[in-house]
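The structure appears below as structure tokens.
The values are calculated or read from the model by the stated rules, or taken from the named source; none is laboratory data. In this text the structure is predicted, and so the values were computed from the model without any measurement. Here the Cβ positions follow ideal geometry from the backbone for every residue, glycine too, while neighbour counts run over all protein chains shown.
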Amino acid sequence: MKIKTTYWVWYSSAPLGLLIHFAQNNPREIENYYSRLLYPEVFDLHKFFLNYIPFSFGDIMYIVLFIYGLKIVLERISFWKAKPLQFLFDFGSAVIITGWIFHLSWGFNYHRIPLNEQLAMKVKYSKQDLEERLDKLIQESNHWHDQLVISDTLAVEFPLSKDQTLEKVSLYSPFYNETLLNYTKVKKSLLSLPLSYMGYSGYLNPFTLESQINAKMPPISQIITSFHEAAHQLGYANEKEANFIAYLSAIKNNDPYIKYAGYTFAFRYLYYEFYKIDPFGAKGKLKLLNSGIKKNFREVSDFWKKYENPFEVIFDKIYDGYLKTNGQKSGIKSYHEMVGLVINYHKNDA
């Protein structure tokens with residue numbers, strides 16, 4: 001019976017492959033029938049069962065599966081050594097089952113219509129566009145920094161506890177003015193220490209649809225990561241889109257600390273892109289930023305330096321490959337592509 005079941009799992013790889021191929025080539029159908037029709041129902045079902053659990057059920061699931069998987073390996077390693085083809089057969093079955101669950105529960109969102117197309121918005125921009133928006137971000141960052149400290153040389157100290165920060169996550173819709181999207185609870189990951197060594201600020205569990213953040217990070221990073229992961233939760237799988245919605249939601253929030261986090265978050269991305277094309281000009285821009293803001297930036301940099309390790313490069317390559325496999329051609333660099341969305345959104349909104 002077990003052998004027959006395994007064969008059926010392998011047979012199912014063909015329709016799964018066809019579905020993925022269809023999704024890659026038919027974004028409009030995925031948008032209409034999966035992202036807007038099926039996925040919200042799947043999300044609501046997960047939310048009904050898991051939203052009120054105060055801890056990350058998905059983290060517990062990963063820990064249990066890791067221990068169970070290790071047990072299976074230890075029990076079957078001699079058998080697999082004798083029959084290596086059986087190992088490939090068993091491993092392939094696990095991959096196929098995981099692939100089905102991943103794509104049906106969340107993964108097909110990678111193939112929906114790009115957000116910029118839905119908003120009839122360009123993503124390209126000129127150096128002048130970049131510089132003008134960067135100047136505006138410097139003004140806004142300095143303004144909100146001045147509102148929160150008594151001296152421009154002081155770093156902002158966030159009075160919110162980690163739990164209070166997560167309670168203030170509400171997503172702003174780029175489609176409707178002043179309309180807030182529904183959201184579910186963002187949770188503190190039980191795996192925050194491993195995430196720190198891996199270089200990850202948070203993640204969406206695609207199987208339980210729980211958003212979780214690395215609770216060890218400084219508050220300014222936790223705020224933006226919470227918005228970013230909540231955007232993933234609503235079906236915006238593309239990293240540049242999740243970054244853009246996180247930025248937009250933060251600056252539209254009524255809390256001045258969250259606004260500050262949003263503007264400084266976007267500044268760092270735009271500054272990085274401007275520095276690549278005009279290093280001398282970028283250094284001049286940086287001098288215009290309040291020194292207290294730079295201290296907040298240094299706090300974030302110092303945090304990640306504490307956890308630097310040789311394996312971080314490996315994790316980056318794995319994640320880069322994962323993103324490229326799921327249609328994000330730029331891989332990890334796709335996070336930076338939010339710059340074009342930020343610039344053109346404000347041009348259209350002017």
**Report entry** Hits in the stretch 184-200 (condition: closer than 19 Å to residue 300 by Cα and either outside any loop (DSSP other than H, G, I, E, B) or outside the structural domain of residue 306 (by TED's automatic domain parsing) (or both))
**Finding:** 188, 192, 193, 194, 195, 196, 197, 198
Report summary line: Of the listed residues (166, 137), the one being part of a helix (DSSP H, G or I) and modelled with pLDDT of 90 or more is 137
Query - Residues of the stretch 227-265 satisfying the condition of being more than 29 Å from residue 107 (Cβ to Cβ) and not in a helix (DSSP H, G or I) - result: 253, 254, 255
Query - The listed residue being in contact with a helix residue (DSSP H, G or I) (Cβ under 8 Å, 6 or more places away or on another chain), within 26 Å of residue 49 (Cα to Cα) and assigned by TED's automatic domain parsing to the domain that holds residue 289, out of 205, 243 - result: 205
Report task. Considering each residue of the stretch 41-62, count those that are in contact (Cβ under 8 Å) with a residue 24 or more places away in the chain and either on the phi > 0 side of the Ramachandran plot or in a helix (DSSP H, G or I) (or both), and give that number. Result -> 11
**Report entry** Qualifying position, being surrounded by 11 or more Cβ atoms within 10 Å (Cβ to Cβ), under 28 Å from residue 337 (Cα atoms) and among the hydroxyl-bearing types (Ser, Thr, Tyr), among 126, 105, 93
**Finding:** 105
Report task. Working only within the stretch 85-134, note down all residues that are in contact with a Pro (Cβ under 7 Å, 6 or more places away or on another chain) and outside any helix (DSSP H, G or I). Result -> 106, 112, 113, 119
Report task. Could you identify the single residue in 90, 59 that is modelled with pLDDT of 90 or more and charged (D, E, K, R)? Result -> 59
